Amino acid sequence: MSSDSNSGCGKEDCGCVSRRTVMKGVGVTLGAAAFARAIAPLTEWAQNISADEFLQKHYKELSLIDLKVVLRRLEKETKEHYGADVTISDTKPQEGVKFGYALNLSVCNGCRKCAEACHLENNHDRPSNQSYIRVFEMQKGSMDMEQGNAHYDKPVPQPDKFYMPVQCQQCEHPPCVDVCPVEATWKEPDGIVVVDYNWCIGCRYCEAACPYHARRFNWTKPVIPKEEINPDQGYLSNRIRPQGTMEKCTFCLHRTRNGRLPACLEACPTGARVFGNLLDPNSEIRWVLEHKRVFILKEDLGLKPQFFYFFDS
Amino acid sequence: MSDSSEASPSSSRPAFWRNFGRFLGNAALESLDGGKLFYVWMFCLTAVFLVGANAWATQVRDGMALSNMSDHVSWALYIANFTFLVGLAAGGVMMVIPAYLYHDDEMHDIVIIGELLAIAAIIMSLMFVICDLGRPDRFWHLLPPFGRLNFPVSMLSWDVIVLNGYLFINVYICAYLLYMRYLGLTPDPRWYVPFVFLSIVWAISIHTVTAFLYCGLGGRPFWNTALLAPRFLASAFVSGPAFIVLAIQVIRRAVGRHFGDGPIRTLVNIMRITILVNLLMVISEVFTEFYTGGAHTSSARYLYFGLHGHNELVPWIWSSIFLVTTAAVLMLLPSIFTRSWMLNLACVLAFIGIWIEKGMGLIIPGFVPSTLHEIVEYRPSAIEWKITAGIWALGLLIYTLFIKIAAGIVLNRTKMHAIPDEPTAADASPSPVPNS
Ligand code: SF4
Ligand code: SF4
């Protein structure tokens, strides 16, 4: 500023504003106006975010009443954005239940009915044909995934191949949960790793941490025709996820916590899938674990998945 | 800062805080003053920044689908730049150490160039993180007590803490030193020297923690190596000094005063070592990857030679190796100290080479092949380039203004008594800096 007194009206200390200062002011004002124009898309975006949504607390901090209000609000928003009437519930985990899943690689024929059922059940984005399950066509005689192919399009099954579906393994020590900087994802008492879609900040660290490629990000707002929306929804599972947040397989907890089976299992035509309570000694899954030769993927990582593979022998 | 004249430490304590607001205003106005070249430079940076801001706003509105990232390559250009910039910020410490630990007086006089670089680089790296978030509106979920910072388990929460901590330490040191100078007082070592030492430790920590972000992931063998953090530091101590040398060269030209021969010599000597250490570590890593072979080497094979016909990164990484090696050779030549074009060239080559290596060359192979061994390649989209350019432009703009403010104060152009409504004799004193 010291030099400005020389570039003003010419008289020293006359108190008038120098031309240079005026120019600076004009420059800064123009810059600010241009900036406001540049970030205008943000205002359009913000219109879709209600104050209630912005201020919503973490799932675990919601009282029962808060939660009710949130569920009704989400139902209303689904109606506004997608035109569909849905019911969003929040079934809590049951005492003495720990879910496990097993998959018989000897009978899986690679038809991908499970992936399709997952797509429909969980209200996935239609254009990207998203699903929590990827089915790999593997070379017989090798467990090397590098030889696998998730994009096969020949009739199945091929004689020299076997098929291996992969989805979230609901790890006992889930790295995806450890890395989340905001506790937006956690392991429920019944063993299911969930995401609070209204708390996730979309950093995708969990996606980088998961060794099973089990997480999916909403790169855009999911597109689903109104009449295809599955109206039976859970807060922590298959409700339509907001843009910019993470999602994953939840063993269909809105079904399984109510005594039903996961959609992928119901859809499987070969009976390759076995689901049940690991803590119940009489469950089918326990029978499989005790009588079959069972293995888990990437055991060396020490994550103790609750998803098991086996072969008939 | 060291040769403060007319020091009267005991006087005007109450004025100390009262005048701080005026100091900021004064500095802001002063920083916008300059010649034609300065205005052209600022105009260009602002224009690029605005393009980036617009691209970002569009990305937030329409979703990250506008980037070319995918569930397979879920971190890319933004996180690559973030990683590199954390290194750049840490590299600023390579001025602080000689200045304060080895009492290099000449370095001490201009150490603020490095400290201000640290501030600008951290601001940029935080912006890259914000641009990478799918839901930037929820950033407050990171802020205790309203949010739930997953501390100490998540490495990202550590990173948030150390980066912001480093930012605050450096902002404090710079603001304190400049403000004291502005007031015409001698800085009290008790009020800044402990923080300077803290910042040295902290500089190491920011880059180590950032390396731990990646090497803590067991499912990604390319990152899961103990060499990652040391490699980060070695390369940071190349890119940081390289940038500072270039900054000194530019400032010398603009300010028209000769300073910094000694500091440049020191910085080049540092780079001579760090650049070789960096190359050595690249070689050891490449050796362990390729000598034994096996499935764990797929990412490295993808990076250096391409995998099953996919070779998007191959030209990048080889150009990086070429640039860094050339820079190393140039730096080792004795004539580097006499030929300033050679010095500048070496710094530019090293800087770009490390930018590639610690950016895309580090992040992308972590995702290719994916954890289930699928190969999905990535090439940044236009929107990603725009946002990246915008943040770089804003960073350079911030840094330019910082340096201008600091120069104004250090060269006694901006000071307490020079405030227009309190005219004193100091106003008339000739400025050592050519104005406009
Ligand atoms: S499989 Fe992946 S997403 Fe599922 S719990 Fe394990 S780490 Fe998390
Ligand atoms: S993407 Fe969401 S759930 Fe995953 S780590 Fe980030 S905040 Fe957590």
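The values are calculated or read from the model by the stated rules, or taken from the named source; none is laboratory data. These numbers were taken from a predicted model, which means no experiment stands behind them. So basically every Cβ, Gly included, is an ideal-geometry build from the backbone, and we count neighbours across all protein chains shown. In case anyone asks, the SASA skips ligands and DNA or RNA and just uses the protein heavy atoms, side chains included. Shrake-Rupley method; radii C 1.70, N 1.55, O 1.52, S 1.80 Å.
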>> Based on alpha-carbon centroids, what's the gap between the range A:202-238 and the range B:302-381 in Å, whole number please?
In response: 35
> Mind listing the phi-derived Karplus ³J(HN,Hα) values for the range B:233-242, rounded to whole Hz, using 6.51, -1.76 and 1.60 with θ = phi - 60°, and x for any glycine or proline?
Replying inline: 5, 4, 6, 4, 7, 9, 5, x, x, 4
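Under 19 Å between alpha carbons: how many lysine pairs meet that in the range A:52-134, if sequence neighbours fewer than 8 apart on the same chain are excluded? Intermediate results must be reported in sequence, preceding the final value.
Numbers: A:57/A:68; A:57/A:76; A:57/A:92; A:60/A:68; A:60/A:92; A:68/A:76; A:68/A:79; A:68/A:92.
So the count works out to 8.
Ignoring ligands, DNA and RNA, please state the percent of accessible area on the range A:100-249 from carbon and sulfur, probe 1.4 Å.
Numbers: 2410 of 4590 Å².
Ligands and nucleic acids excluded, carbon and sulfur give 53 percent.
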>> Can you tally the net charge around residue B:129? Count Lys and Arg as +1, Asp and Glu as -1, for every other residue whose Cβ sits under 14 Å from the Cβ of residue B:129.
In response: +1
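Kindly provide the helix-only [θ] at 222 nm of chain A, computed as the sum of -39,500 (n - 2.57) over DSSP H runs of four or more divided by all residues, to the nearest 500 deg cm²/dmol? Let's see the in-between values first.
Values: 11 runs with 91 residues, N = 313.
Theoretical 222 nm ellipticity from helices: -8000 deg cm²/dmol.
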> In terms of modelled amide H atoms, which long-range or inter-chain residues lie less than 5 Å from the amide H of residue A:89?
Replying inline: A:233, A:234, A:235
> Where a Cα-Cα gap under 19 Å defines reach, which lysines qualify for residue A:24, not counting those fewer than 8 residues away within the same chain?
Replying inline: B:36, B:404
>> Nearest 5 percent is fine: what portion of the DSSP beta bridges confined to the protein assembly as shown is antiparallel?
In response: 75
>> Sequence gap at least 6, Cα distance under 8 Å: using those rules, report the relative contact order of chain B to the nearest whole percent.
In response: 29
> Roughly how big is the B-A contact, given as buried accessible area in Å² (both sides, 1.4 Å probe, nearest 100)?
Replying inline: 5800
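Return the tail of the calculated pair distribution for the range B:121-240, meaning the percent of Cα-Cα pairs more than 20 Å apart. Don't skip to the end; give the middle numbers.
On the way: 3944 of 7140 pairs.
Value for the range B:121-240: 55 percent of Cα pairs lie more than 20 Å apart.
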>> Considering the Cα positions of chain A, please state its Rg to one decimal place and its Dmax as a whole number of Å.
In response: 26.7, 101
> For chain B, with every protein chain kept in place, what is the accessible area per residue (1.4 Å probe, Å²)?
Replying inline: 39
> In the range B:288-395, what chymotrypsin sites (Phe, Trp or Tyr not before Pro) fall in a loop by DSSP, with at most 13 other Cβ atoms inside 10 Å?
Replying inline: B:305
> Going by a ≥ b ≥ c, the root eigenvalues of the Cα gyration tensor, does the protein assembly as shown fall in the rounded group (a/c under 1.5), the prolate group (a/b larger than b/c) or the oblate group?
Replying inline: prolate
> Residue-wise, which Karplus ³J(HN,Hα) couplings in Hz belong to the range B:98-106, taking 6.51 cos²θ - 1.76 cosθ + 1.60, θ = phi - 60°, and x for glycine or proline?
Replying inline: x, 5, 9, 7, 10, 6, 7, 5, 5
>> What is the angle, in °, between the Cα long axis of helix A:64-82 and the longest principal axis of the Cα atoms in chain A? Nearest 10 is fine, range 0 to 90.
In response: 80
> Which of the lysines could be linked to residue B:386 by a straight reach, that is with a Cα gap under 25 Å, when you skip same-chain ones fewer than 8 residues away?
Replying inline: A:221, B:358
> How far is helix B:314-332 tilted, in degrees, relative to the longest principal axis of the Cα atoms in chain B, given as a value from 0 to 90 rounded to the nearest 10?
Replying inline: 40
>> Below 11 angstrom from the Cβ of residue B:182, what's the summed charge of the other residues (Lys, Arg +1; Asp, Glu -1)?
In response: +3
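How high is the relative contact order of chain A, in percent, counting Cα pairs under 8 Å that sit 6 or more residues apart? Provide the component values of the computation, followed by the final result.
Numbers: 515 pairs, mean separation 72.3, N = 313.
Relative contact order for chain A comes out at 23 percent.
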> Considering only the other residues whose Cβ falls under 14 Å of the Cβ of residue A:140, what net charge follows from Lys and Arg at +1 and Asp and Glu at -1?
Replying inline: -2
>> What do you get for the angle between helix A:19-38 and the principal long axis of chain A? Use alpha-carbon atoms, 0 to 90 degrees, nearest ten.
In response: 20
>> Using a Cα-Cα cut-off of under 19 Å, which aspartates and glutamates could be cross-linked to residue A:161, ignoring same-chain neighbours fewer than 8 residues away?
In response: A:137, A:144, A:146, A:153, A:312, B:374
>> Just to verify a number: what accessible area does residue A:304 come out at with the full protein assembly present, 1.4 Å probe, Å² rounded to tens?
In response: 120
